[in-house]
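Structure record follows, encoded as structure tokens.
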Amino acid sequence: MSDADRTELAACAMRLLAAFPAASNDAELMSAAFAVQLERRLVAPIQVVAGTLTVEGQPVFDDRQGHVWVMIGPYIADISIFRIAYSRFGPAALSRHVDLTFGPNKGLYVDPWHKSHRRGLGYEPRYVLSEEEVTRLMGGAYQLIESGLPKRAQDSLPAI
């Protein structure tokens, strides 16, 4: 990945993390929005991938729960992992691992896919989302950003 691509990647991530409500930890929505932004700016192939995330070989998001991230050629670009880990909704094993390995206040994890195990992380892809799925998720991301409320908070609001 070129320095120019790294700079653009970081700028896209910063803009998106600033736009998403702070308490939001919707990996699917964030990854779809991130991929759409990256497709407009990078030449490398961009794919949104769903699968299992492991920490030290133990699944923290498996096939039932799933995790979603972006692949930029051979690179993992996970815009939601830190937000999930730092939130009260994050699995304890992930939160502990992120705290000990990366520390606080991180926003984007980028690493070659085949080297993510060096950081104790495993990304096991199950499928690549279609363009239609990414478009649908992008619509959900837009609504979440516009509302300013985390999806989970919206779900727990009483009906009036």
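The values are calculated or read from the model by the stated rules, or taken from the named source; none is laboratory data. Just so you know, these numbers come straight off a predicted model, no measurement behind them. As a convention, Cβ positions derive from the backbone with ideal geometry for all residues, glycine included, and neighbour counts pool all protein chains shown.
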Subset of the range 79-118 [more than 17 Å from Q47 (Cβ to Cβ) and hydroxyl-bearing (S, T, Y)]: Y86, S87, S95, T101
Pairs where the first residue, in the range 27-51, is farther than 14 Å from L17 by Cβ and in contact (Cβ under 8 Å) with a residue 40 or more places away in the chain and the second is in a helix (DSSP H, G or I) and among the small types (G, A, S), C-beta under 8 Å, 6+ apart: E28/G140; A32/G140; A32/A141; Q47/A35; V48/S31; V48/A32; V48/A35
Residue pairs meeting the criteria (Cβ under 9 Å; at least 6 apart or on separate chains; first within 21 Å of M30 (Cα to Cα) and touching a residue at least 60 places away in the same chain (Cβ under 8 Å), in the range 94-120; second part of a helix (DSSP H, G or I) and of a type in the set (D, E, K, R)): G107/R83; V110/R6
Every residue from the range 60-79 that is in contact with a Leu (Cβ under 8 Å, 6 or more places away or on another chain) and either surrounded by fewer than 18 Cβ atoms within 10 Å (Cβ to Cβ) or in a loop (DSSP other than H, G, I, E, B) (or both): I79
Some residue of the range 5-24 being in contact with a strand residue (DSSP E or B) (Cβ under 7 Å, 6 or more places away or on another chain), within 19 Å of E131 (Cα to Cα) and hydrophobic (A, V, I, L, M, F, W, C): no
Subset of the range 26-55 (residues that are more than 15 Å from the chain's Cα centre (by Cα) and charged (D, E, K, R)): E39, R40, R41
Residues located in the range 28-47, provided they are closer than 14 Å to E131 by Cα and surrounded by 23 or more Cβ atoms within 10 Å (Cβ to Cβ): L29, S31, A32, A33, F34, A35
Test: residue in the range 125-142 that is modelled with pLDDT of 90 or more, touching a strand residue (DSSP E or B) at 6+ places or on another chain (Cβ under 8 Å), within 19 Å of T54 (Cα to Cα) and crowded, with 16+ Cβ neighbours inside 10 Å: no
Members of the range 1-56 found to be at pLDDT 90 or above and in a loop (DSSP other than H, G, I, E, B), listed by number: P45, E56
Condition met for E56 (on the phi > 0 side of the Ramachandran plot and out of contact with any Phe, Trp or Tyr (no Cβ under 8 Å at 6 or more places or on another chain)): yes
Subset of the range 80-110 [crowded, with 17+ Cβ neighbours inside 10 Å and under 16 Å from T54 (Cβ atoms)]: S80, I81, I84, A85, G90, P91, L94, S95, H97, V98, Y109
Filter result for S95 (small (G, A, S) and either within 16 Å of E56 (Cα to Cα) or modelled with pLDDT of 90 or more (or both)): yes
